[in-house]
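S.K.: Got a structure for you, questions after.
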Amino acid sequence: MTMIFGVPLAVFLGQLTLGLVNGAFYALLSLGLAVIFGLLKIVNFAHGAQYMLGAFAALLGFRYLGINYWLALVLVPLVVGAFGMLMERFLLRRIAHLDHLYGLLLTFGLALIFEGTLVNIFGVSGARYTAPEALQGGMNLGFMFLPVYRGWVLVAALAMCLFTWFMIERTRLGAYLRAGTENSQLMQAFGVNVPLLITLTYGFGVGLAAFAGVLAAPLYPVSPTMGSSLLIVVFAVVVIGGMGSILGAIITGLSMGIIEGLTKVYYPEAANTVIFLVMILVLLLRPSGLFGKEA
Amino acid sequence: MTFNKKTLACCVAAAAATSLMASNAQAQMSDDEVRIGYLADMSGTYRDLAGPGGLTAMEMAVEDFGGSVNGAPIVISSADDRNSADVGANTVRGWIDEDNVDMVGGLVASSVSIAVSNVIEENDGLAIVSGSAASSITNEHCTPNHIHWVYDTYPLANGTAKAVVDQGGDSWFMLTADYAFGHALEADVTSVVEANGGEIVGGVRHPFPTNDFSSYILQAQGSGAKIVGLANAGSDTVNAITTASQFGLTQSGQQLAGLLIFLNDVHALGLEATQNLLLTTGWYWDMDDQSREWAERYYAEEERMPTMVQAGIYSSTMHYLKAVEAAGTDDPETVRAQMAEMPIDDFFARNGRIREDGRMIHDMYLAQVKTPEESTGEWDLYEILSTIPAEEAYRPLSESQCELVQN
């Protein structure tokens, strides 16, 4: 059997695939953070909670309203995104002129409130959300048994990442967004409603988190704390990729998933730490991140 | 003024006499109150197995006891240790230094319990550990100041691992949470499996807590072991079992052995994913009439059935209060000795007694998770297969490394 660094090739490929699936989540979440930070300069610490709200909305929507998975995939990001817009309009906007730190504290506080409230109602054990019939079962890739759902997650997450990148970098609306952040006064002088643009952007970033939440619901027990454990890793990914870089977030997310996946084989004890080691290295060698513009 | 010197003197004398009488009755209760601290994970991974429900159980015990001991009111304070040994140790230090807390109960994550027991020993206090699993708590980490109540990793390994090996599961792959509890459980399982003719063919130590288990499950599948042993707890176990079912672990001929599974875990996972799982438990709400009776009362408060830890918190608090009453003092050393004097036989513990190493030994049970067809209700989850007698369930004192045990 072919061996790679003492590990059979089949195992190596299997871990690579799983790393890619986890990386897709990191990419999707760090993308939302990057969009929000890049355009609004808000360090959105509520992102993990918004991801969790997405999963919960899917679960509760199914339980009480009978909304199926496919519908939830479309509806939940819209609903949670709209909720995000309310947050932006009535809370974040009031402190937009202050230092970034205040936005960070406000979103962090909101995240704690969302989580605490749901912990009180639902506990932490989590509930199960069953994947739709069509995505159940598994496929034999030759080197591993891959559950169909994980394959779907990879495809759906990557498609959404590309869509976002295209929207921001290649469309007129995206151009407005980018221009608005460069010089919002000039944009306003041209007659563009910049505050509305900002609200929509925040809502879009939150919607991305909720979309990731719906994707995650059948994979992990849906619990109020599911987002907080992920958030710190996702922030590390954003720092590595470079704050505000869209493509950087996607590529870094995927590669960090792979690095983490391989660590789980070679030295599992360090699996939760390895991304932070990379972050330290990047901060030492390229402080603005791998894809960030030099400050 | 109608108040003359005589009546004044009379009043003062009466007041002095009353306070003297009162202080005689409570002479031995520090601060004239019995103060109990409840320390547990109230918001994280282990919240549902003890958490606020454990506090409810403790309050039920105090209420059933009558709210006071020999005239001294019983007061409970509670805090969230957030599964951090530092937070736990500092909270307890504050409780002892500033509030003169007499006993600390709850105590869930093993790392927190070990840190707290050190603080308790330094300050000559008393702690009753109910939620933790590490058998090292009354082995190499034993102190004269703490008692371990509900279960530990030794009977978990001894009950579940032995039953699984007896059924032919003789090659194991261990998935271990990388901290004190996981290591203790892994060590206990390894010795039981090997003693019964099985072998450990591989294992992974995963960080605590871990979100995604797919990589580890894949490694377990690749190991060729018949049994995948889960030496973890709480959401880690839930995540691992969920992932294993997605990856078709059991369809490919392997079997899961959950070594520490709580009622709330099985409830969360559902019977579809957990059916037929073997497990060892210290108590089950539906095991007999007196258990059911207490569980129904608890259910009325919390709208969930209690776990063994929550039941154990009630049992240990009750036993502590009885000992305080019998000893006539809340002095930790005297109460600890008194607790060991009195056998424990309540709805929770059968044939219970506290050994010199601080281990409360009592009958344990081998249980199997019911299939969805067998279950008749939301909480009808286990079938008790057999009783493991107290004296056989726990680590014998002859193997103890505890300094308090004369070997």
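The values are calculated or read from the model by the stated rules, or taken from the named source; none is laboratory data. Keep in mind that this is a model prediction, so the values were computed, not measured. Every residue, glycine among them, receives a Cβ derived from its backbone with ideal geometry; neighbour counts consider all protein chains shown.
S.K.: Could you grab me the full set of residues in region B:29-68 that are of a type in the set (D, E, K, R), farther than 22 Å from B:Ser235 by Cβ and assigned to a loop (DSSP other than H, G, I, E, B)?
M.R.: Once the filter is applied, which keeps residues that are of a type in the set (D, E, K, R), farther than 22 Å from B:Ser235 by Cβ and assigned to a loop (DSSP other than H, G, I, E, B), region B:29-68 yields only B:Glu33.
S.K.: Considering only residues of region B:134-149 that are β-branched (Val, Ile, Thr) and part of a helix (DSSP H, G or I), which is farthest from B:Arg353 (Cα to Cα)?
M.R.: The qualifying residue farthest from B:Arg353 (Cα to Cα) is B:Ile137.
S.K.: State all residues of region B:74-105 that are surrounded by 19 or more Cβ atoms within 10 Å (Cβ to Cβ), closer than 24 Å to B:Ala323 by Cβ and charged (D, E, K, R); if no residue qualifies, say none.
M.R.: B:Asp102 - this is the single residue of region B:74-105 that is surrounded by 19 or more Cβ atoms within 10 Å (Cβ to Cβ), closer than 24 Å to B:Ala323 by Cβ and charged (D, E, K, R).
S.K.: Could you grab the pairs with beta carbons closer than 7 Å, sequence gap of 6+ or different chains, first residue in region A:104-117 and within 14 Å of A:Tyr51 (Cα to Cα), second one polar (S, T, N, Q) and surrounded by 15 or more Cβ atoms within 10 Å (Cβ to Cβ)?
M.R.: A:Thr107/A:Asn44; A:Glu115/A:Thr225; A:Glu115/A:Ser228
S.K.: From (1) crowded, with 16+ Cβ neighbours inside 10 Å; (2) among the hydrophobic types (A, V, I, L, M, F, W, C); (3) more than 15 Å from the chain's Cα centre (by Cα); (4) more than 30 Å from A:Leu141 (Cβ to Cβ), pick out the condition that doesn't hold for A:Phe12.
M.R.: Among (1) crowded, with 16+ Cβ neighbours inside 10 Å; (2) among the hydrophobic types (A, V, I, L, M, F, W, C); (3) more than 15 Å from the chain's Cα centre (by Cα); (4) more than 30 Å from A:Leu141 (Cβ to Cβ), the lone unmet condition for A:Phe12 is (4).
S.K.: For region B:63-92, name all the residues that are over 19 Å from B:Met42 (Cβ atoms) and of a type in the set (D, E, K, R).
M.R.: Of everything in region B:63-92, those that are over 19 Å from B:Met42 (Cβ atoms) and of a type in the set (D, E, K, R) turn out to be B:Glu63, B:Asp64.
S.K.: Just need a number here: residues in region A:242-265 that are at pLDDT 90 or above and not hydrophobic (A, V, I, L, M, F, W, C).
M.R.: 8
S.K.: Right, here's the next one. Would you call B:Ser30 among the polar types (S, T, N, Q) and crowded, with 19+ Cβ neighbours inside 10 Å? Working first, answer last.
M.R.: Working: among the polar types (S, T, N, Q): yes; crowded, with 19+ Cβ neighbours inside 10 Å: no.
No.
S.K.: Given the criteria more than 14 Å from chain A (Cβ to nearest Cβ) and either surrounded by fewer than 24 Cβ atoms within 10 Å (Cβ to Cβ) or in contact with an Asp or Glu (Cβ under 7 Å, 6 or more places away or on another chain) (or both), does B:Gly53 qualify?
M.R.: no
S.K.: Looking at region B:263-283, which of its residues are within 14 Å of chain A (Cβ to nearest Cβ), buried (at least 19 other Cβ atoms within 10 Å of the Cβ) and of a type in the set (Gly, Ala, Ser)?
M.R.: If the condition is that a residue be within 14 Å of chain A (Cβ to nearest Cβ), buried (at least 19 other Cβ atoms within 10 Å of the Cβ) and of a type in the set (Gly, Ala, Ser), then B:Ala268, B:Ala273 are the ones that fit.
S.K.: Here's something else I'd like to know. Identify, please: which residue in region B:275-294 is part of a helix (DSSP H, G or I) and among the acidic types (Asp, Glu) and is, among those, nearest to B:Met364 (Cα to Cα)?
M.R.: Going through region B:275-294, the residues part of a helix (DSSP H, G or I) turn out to be B:289-294.
Of the ones still in play, those that are also among the acidic types (Asp, Glu) are B:289, B:293.
Details: B:Asp289: 17, B:Glu293: 20 Å.
My answer is B:Asp289.
S.K.: Sticking with this structure for a sec: Does region B:324-345 hold any residues that are part of a loop (DSSP other than H, G, I, E, B) and surrounded by fewer than 16 Cβ atoms within 10 Å (Cβ to Cβ), and which are they?
M.R.: The answer is B:Met342, B:Pro343, B:Asp345.
S.K.: Using the structure shown, decide if A:Val238 is within 14 Å of another protein chain (Cβ to nearest Cβ), buried (at least 21 other Cβ atoms within 10 Å of the Cβ) and farther than 25 Å from A:Leu75 by Cα. Write out each step before concluding.
M.R.: Working: within 14 Å of another protein chain (Cβ to nearest Cβ): no; buried (at least 21 other Cβ atoms within 10 Å of the Cβ): yes; farther than 25 Å from A:Leu75 by Cα: yes.
Here the answer is no, as A:Val238 does not meet what is asked.
S.K.: Quick check on my filter: what residues within region B:284-316 are among the charged types (D, E, K, R) and either more than 14 Å from chain A (Cβ to nearest Cβ) or surrounded by 18 or more Cβ atoms within 10 Å (Cβ to Cβ) (or both)? Let's see the steps before the verdict.
M.R.: Filtering region B:284-316 down to residues among the charged types (D, E, K, R) leaves B:286, B:288-289, B:292-293, B:296-297, B:301-304.
Listed by number, the residues that qualify are B:Asp286, B:Asp288, B:Asp289, B:Arg292, B:Glu293, B:Glu296, B:Arg297, B:Glu301, B:Arg304.
S.K.: With (1) at negative phi; (2) within 14 Å of chain B (Cβ to nearest Cβ) as the list, and A:Gly6 as the residue in question, which single condition is left unmet?
M.R.: It fails just one condition, (1).
S.K.: Which of the residues that make up region B:106-124 are of a type outside the set (A, V, I, L, M, F, W, C), at pLDDT 95 or above and buried (at least 24 other Cβ atoms within 10 Å of the Cβ)?
M.R.: B:Gly106, B:Ser113, B:Ser117
S.K.: Just wondering, is there one or more residues in region B:331-342 that are within 23 Å of B:Thr153 (Cβ to Cβ) and out of contact with any helix residue (DSSP H, G or I) (no Cβ under 8 Å at 6 or more places or on another chain)?
M.R.: yes
A quick yes/no check of all residues on (1) under 30 Å from B:Gly270 (Cα atoms); (2) hydroxyl-bearing (Ser, Thr, Tyr); (3) within 13 Å of chain B (Cβ to nearest Cβ):
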{"site": "A:Leu196", "(1), (2), (3)": "no, no, no"}
{"site": "A:Ala209", "(1), (2), (3)": "yes, no, no"}
{"site": "A:Ser223", "(1), (2), (3)": "yes, yes, yes"}
{"site": "A:Val233", "(1), (2), (3)": "yes, no, yes"}
{"site": "A:Gly242", "(1), (2), (3)": "no, no, no"}
{"site": "A:Ile246", "(1), (2), (3)": "no, no, no"}
{"site": "A:Thr252", "(1), (2), (3)": "no, yes, no"}
{"site": "A:Gly261", "(1), (2), (3)": "yes, no, yes"}
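S.K.: Hey, another quick one. Does A:Gly54 satisfy the condition of being crowded, with 24+ Cβ neighbours inside 10 Å, within 17 Å of A:Met160 (Cα to Cα) and in contact with a Pro (Cβ under 8 Å, 6 or more places away or on another chain)?
M.R.: yes
S.K.: B:Gly125 is checked against (1) touching a helix residue (DSSP H, G or I) at 6+ places or on another chain (Cβ under 9 Å); (2) under 24 Å from B:Met364 (Cβ atoms) and fails just one. What number does that condition carry?
M.R.: Only one criterion in (1) touching a helix residue (DSSP H, G or I) at 6+ places or on another chain (Cβ under 9 Å); (2) under 24 Å from B:Met364 (Cβ atoms) is unmet by B:Gly125, namely (2).
For (1) modelled with pLDDT of 90 or more; (2) within 14 Å of chain B (Cβ to nearest Cβ); (3) within 23 Å of the chain's Cα centre (by Cα), each residue gets a yes or a no:
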site: A:Ala127; (1), (2), (3): no, yes, yes
site: A:Leu135; (1), (2), (3): yes, yes, yes
site: A:Leu141; (1), (2), (3): no, yes, no
site: A:Leu146; (1), (2), (3): no, yes, yes
site: A:Phe166; (1), (2), (3): yes, no, yes
site: A:Glu169; (1), (2), (3): no, no, yes
site: A:Arg172; (1), (2), (3): yes, no, no
site: A:Ala179; (1), (2), (3): no, no, no
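S.K.: When you look at A:Ala27, is it of a type outside the set (S, T, N, Q) and closer than 21 Å to A:Trp165 by Cα, yes or no? Break it down into steps so the answer makes sense when it comes.
M.R.: Numbers: of a type outside the set (S, T, N, Q): yes; closer than 21 Å to A:Trp165 by Cα: yes.
Yes, satisfied.
S.K.: State whether one or more residues within region A:104-117 are over 30 Å from B:Gln221 (Cβ atoms), of a type in the set (S, T, N, Q), within 14 Å of chain B (Cβ to nearest Cβ) and outside any loop (DSSP other than H, G, I, E, B).
M.R.: We begin by selecting, within region A:104-117, every residue over 30 Å from B:Gln221 (Cβ atoms); these are A:104-117.
From what is left, the residues that are of a type in the set (S, T, N, Q) are A:107, A:117.
Cutting the leftovers down to within 14 Å of chain B (Cβ to nearest Cβ) gives us A:117.
Filter once more, so that each one left must be outside any loop (DSSP other than H, G, I, E, B): A:117.
Yes, region A:104-117 has at least one match.
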